[in-house]
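Chemist: Pasting in a structure now, in structure tokens, and then I'll have a few things to ask.
Computed from the coordinates by the stated procedures, all read-outs in this text should not be read as laboratory data. Everything quoted here is computed from the prediction, not taken from an experiment. Counting neighbours? That spans all protein chains shown, and the Cβs are built from the backbone with ideal geometry, glycine included.
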Amino acid sequence: MSLMPVAAFPPAAAPGPTSEADSPSVSVLGQILAYQRDAWERSILFCDVLRQRANNMLEHERLGLPPLLKFTFETMLDARRFDQPANYALLRITEIDDACADDCIDRDKPPVVILDPRAGHGPGIGGFKRESEIGMALKEGHPVYFVTFFPEPCEGQTLADVLHALRRFVEAVSGRHPGKPPVLYGNCQAGWAVTLLSADCEGTVGPAVLNGSPLSYWSGESGINPMRLMGGLLGGAWLAEFTADIGDRRFDGAWLAMNFENLNPGNALWDKYTALYADVDTEAARFLDFERWWNGFYSLSHDEIAAIVENLFIGNQIERGVFQICGGCTADLRRIRNPLVIFASYGDNITPPHQALGWIPAVYASTAELKAAGQRIVYLTNPHVGHLGIFVSAGVAKLEHRAILESLDEITALEPGLYEMKIDNPAGEADCHRPQFGVRFEPRLVEELHFPKSANAFEKVREISEINLGLYRTVLAPWIQASANPWSATMLKWLHPMRTSRYLLSEEFAPWMRFFATLAPEISANRHPAPADNPFLKREQRLIGDVSDAFKIYRSRRDLAAEDMFAGIYGPA
């Protein structure tokens, strides 16, 4: 019997000292503690940001809700002093980045007049950061003017008063720049105001740029654009007048802001807050900057909101050519001769391309008719950016808006017809100039613009609205108008949930919020974020995503139910 050499069986390694940090239980415990500390710190910072938002809102109110522009300006005209007063003013941008704007402009370029939407919020969306419509126009060398408005309408103010004020503004700008008709830039609601102004100021204005502007409100896609159905589901225009009446003949813009938030409850109640919580170290400044504008609610007069809802949202009268601006004056889009540039996005669920472009085949039956009218209409679309992104996205400002401004001469020189503007950006960079990106204007046919529109159903909405509005004005309105007063209107204003959900988190109303104000600076100076690969942080992100998906499912089912209800009452939309 032979024995194997001892060397064939190496001795077992002697057990060495075991580090506690290497044991699985201690490793998991460390990850738990790291996540808990990170989550606790983020919670403190998150609550402090909400406290700051509340304080910003109250401060903005105390200052009288001034326009939130990042640029220095001077007031050229104040329409509150006109014979037909309106709560609008014309501003001239005088400074950019501590440099005088006059030193930066090209005298050969036409002035740009930017109008922000008066749809519940205050002015500033066109210039509340440097990379904006105002910023791009200044960087391209254009003299820039901005049309602002004030929180409260003038007594008895009408849409005709507003349009007359805007016309005087255009005349004043034209007078300062002879031979260079101003370029009009209209965002959302201001876009259709610019359209009416173009029809009213034939020959005195240059190209008009309409950004996310609803001119064909009945258009839309089933299951995707439910906002156009709300007028029918609420019984017509009477509710807008009722809301203005309980506000003592003032319509509180917070109601419009609430409608926008209800359109996407997942974002309003969950996504924007979880985005802040997840990245509170980097997102706080952006969140506070936007929320300062979003939470500044402006009012419209009773007559204004009644005309807007009855004629635009319910009656769809702009594209039909029956919109009465004032006695004997009807808006006719066929009178527009200045080139129109329409910017829309398929990611915009408030003003989809259907509503931005659907009026064209309604006004011009064919391409030949459009050419015979001598009109040039250019449109461009973005595949994904949302409604507000059309106005505030820095990437959109640096590419699409810059491309529009750099192409104004080409647009003006186009032969009459319909064109789609294509931007070729091979490098994929947003902040660049031509020829780093190219622009093409591809001819299109009016006959190719086919957008779903059920005129019969919306005609029934208009008829029901007229009946309900007549009943309201006869039966309820006299009693409500007699009982409403400034005290009750102010009480309703400050009890509105769009305000209470914000300002009640200020330490002025909740003294315990001072706790977060005390801790937040210390935590910011000594942060301990959990590593990106922390498993508990990843579980948090999955939970956030799951809740966000649940909101999307709810929203989809709610919108489908609204479609079914509308179809059951009025017919397919």
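Chemist: In whole Hz, what ³J(HN,Hα) sequence does the range 302-318 give by Karplus (6.51, -1.76, 1.60; θ = phi - 60°), x for Gly and Pro?
Modeler: Karplus values, whole Hz, x for Gly and Pro: 4, 5, 5, 5, 5, 5, 5, 5, 5, 8, 9, 5, 9, x, 6, 7, 5.
Chemist: What are the ³J(HN,Hα) values, in whole Hz, obtained from phi via the Karplus relation 6.51 cos²θ - 1.76 cosθ + 1.60 with θ = phi - 60°, for each residue of the range 545-557 in sequence order, with x given for Gly and Pro?
Modeler: These are the phi-based 3J(HN,Hα) values: x, 5, 5, 4, 5, 5, 5, 5, 5, 4, 4, 4, 5 Hz.
Chemist: Among 547, 392, rank each residue by its count of other Cβ atoms within 10 Å, from fewest to most, as a rough exposure measure.
Modeler: Arranged by neighbour count, lowest to highest, 547, 392 become 547, 392.
Chemist: Also, quick follow-up: Please express the shape of the range 360-435 as an equivalent ellipsoid: the semi-axes are the square roots of 5 times the eigenvalues of the C-alpha gyration tensor, given largest first in whole angstrom.
Modeler: For the range 360-435, the semi-axes come out at 27, 15, 10 Å.
Chemist: Mind pulling the per residue volume of the convex hull built on the Cα atoms of the range 391-529? Å³ is fine.
Modeler: 318 Å³
Chemist: Provide the descending list of Cα extents for the range 312-431 along its principal axes, expressed in whole angstroms.
Modeler: 51, 33, 23
Chemist: Could you derive backbone 3J(HN,Hα) for the range 266-282 from the dihedral phi with the Karplus parameters 6.51, -1.76 and 1.60 (θ = phi - 60°), listing whole Hz in sequence and x where the residue is Gly or Pro?
Modeler: Per residue, the Karplus-derived 3J(HN,Hα) values read x, 6, 5, 9, 9, 4, 6, 7, 5, 5, 5, 5, 5, 10, 4, 5, 10 Hz.
Chemist: For the range 521-561, what log10 I(q)/I(0) values come out of the Debye formula at q = 0.35 1/Å, with one point per alpha carbon and no solvent?
Modeler: The Debye formula, applied to the Cα set alone, gives -1.01.
Chemist: Same structure, new question: Over all distinct Cα pairs, what is the inverse of the mean 1/r for the range 448-560, reported as the Kirkwood hydrodynamic radius in Å?
Modeler: When all Cα pairs of the range 448-560 are included, the Kirkwood radius is 21.4 Å.
Chemist: Taking amide H positions as placed in the peptide plane 1.01 Å from N, state which residues far from residue 144 in sequence (5 or more) or on other chains have amide H under 5 Å from it.
Modeler: Answer set, sorted by chain and number: 93, 112.
Chemist: Now for a different question. May I ask you to sort 528, 177, 354 by Cβ crowding, counting other Cβ atoms within 10 Å and putting the fewest first?
Modeler: With the sparsest Cβ surroundings first, the list reads 528, 177, 354.
Chemist: Moving on. Given H placed 1.01 Å from N in the peptide plane, which residues other than close sequence neighbours of residue 154 have an amide H under 5 Å from its amide H?
Modeler: 87
Chemist: When a/c is below 1.5 the answer is rounded, else prolate if a/b is larger than b/c, else oblate, so apply that to the range 155-212 with a ≥ b ≥ c taken from the square roots of the Cα gyration tensor eigenvalues.
Modeler: Note, shape of the range 155-212 comes out oblate.
Chemist: Could you give the dipole magnitude of the chain about its Cα centre, charging the beta-carbon of Lys and Arg +1 and that of Asp and Glu -1, in debye to the nearest 20?
Modeler: Taking the Cα centre of the chain as origin, the dipole is about 460 debye.
Chemist: Here's another thing I want to ask about it. List every residue whose amide H lies under 5 Å from the amide H of residue 72, counting only residues 5 or more places away in sequence or on a different chain, with H placed 1.01 Å from N in the peptide plane.
Modeler: Answer set, sorted by chain and number: 94, 95.
Chemist: Turning to a different aspect of this structure: Taking neighbour counts of Cβ atoms within 10 Å as a proxy for exposure, in what order, fewest first, do 146, 441, 82 appear?
Modeler: The order, fewest Cβ neighbours first, is 82, 441, 146.
Chemist: Still on this structure, I have one more. What translational diffusion coefficient, in µm²/s and rounded to a whole number, does the Stokes-Einstein relation yield for the range 304-381 at 25 °C and a viscosity of 0.890 mPa s, taking the hydrodynamic radius as the Kirkwood radius over Cα pairs?
Modeler: 177 µm²/s
Chemist: If exposed GluC sites (Glu not before Pro) are those in a DSSP loop with at most 16 other Cβ within 10 Å, what is the longest stretch of the chain that has none?
Modeler: The segment 222-428 is the longest one with no such site.
Chemist: Okay, next question. From the residues 219, 385, 197, which one has its Cα farthest along the dipole of the chain in the positive direction, the dipole being from +1 and -1 charges on Cβ of Lys/Arg and Asp/Glu about the Cα centre?
Modeler: 219
Chemist: Take the alpha carbon atoms of the range 229-364, find their radius of gyration, then divide it by 2.2 N^0.38 Å using N residues; give the quotient.
Modeler: That works out to 1.30 for the range 229-364.
Chemist: Shifting gears a bit: Restricting things to alpha carbons, find the Rg to Rh ratio for the chain using the Kirkwood radius for Rh.
Modeler: 1.07
Chemist: Let me ask something else about it. By how many nm would the segment from residue 61 to residue 369 grow when fully extended, if each residue of separation counts as 0.36 nm and the alpha-carbon distance is taken off?
Modeler: 105.8 nm
Chemist: For the chain, give me the percentage of DSSP beta bridges that are antiparallel, rounded to the nearest 5 percent.
Modeler: 50 percent
Chemist: Classify the range 126-258 as rounded, prolate or oblate, taking a ≥ b ≥ c as the square roots of the eigenvalues of its Cα gyration tensor: rounded when a/c is under 1.5, otherwise prolate if a/b is larger than b/c and oblate if not.
Modeler: Taking the square roots of the gyration eigenvalues as a ≥ b ≥ c, the range 126-258 is prolate.
Chemist: Taking a temperature of 4 °C and a viscosity of 1.567 mPa s, what whole-number D in µm²/s does Stokes-Einstein yield for the range 39-157 with Rh from Kirkwood over alpha carbon pairs?
Modeler: For these conditions, the coefficient is 80 µm²/s.
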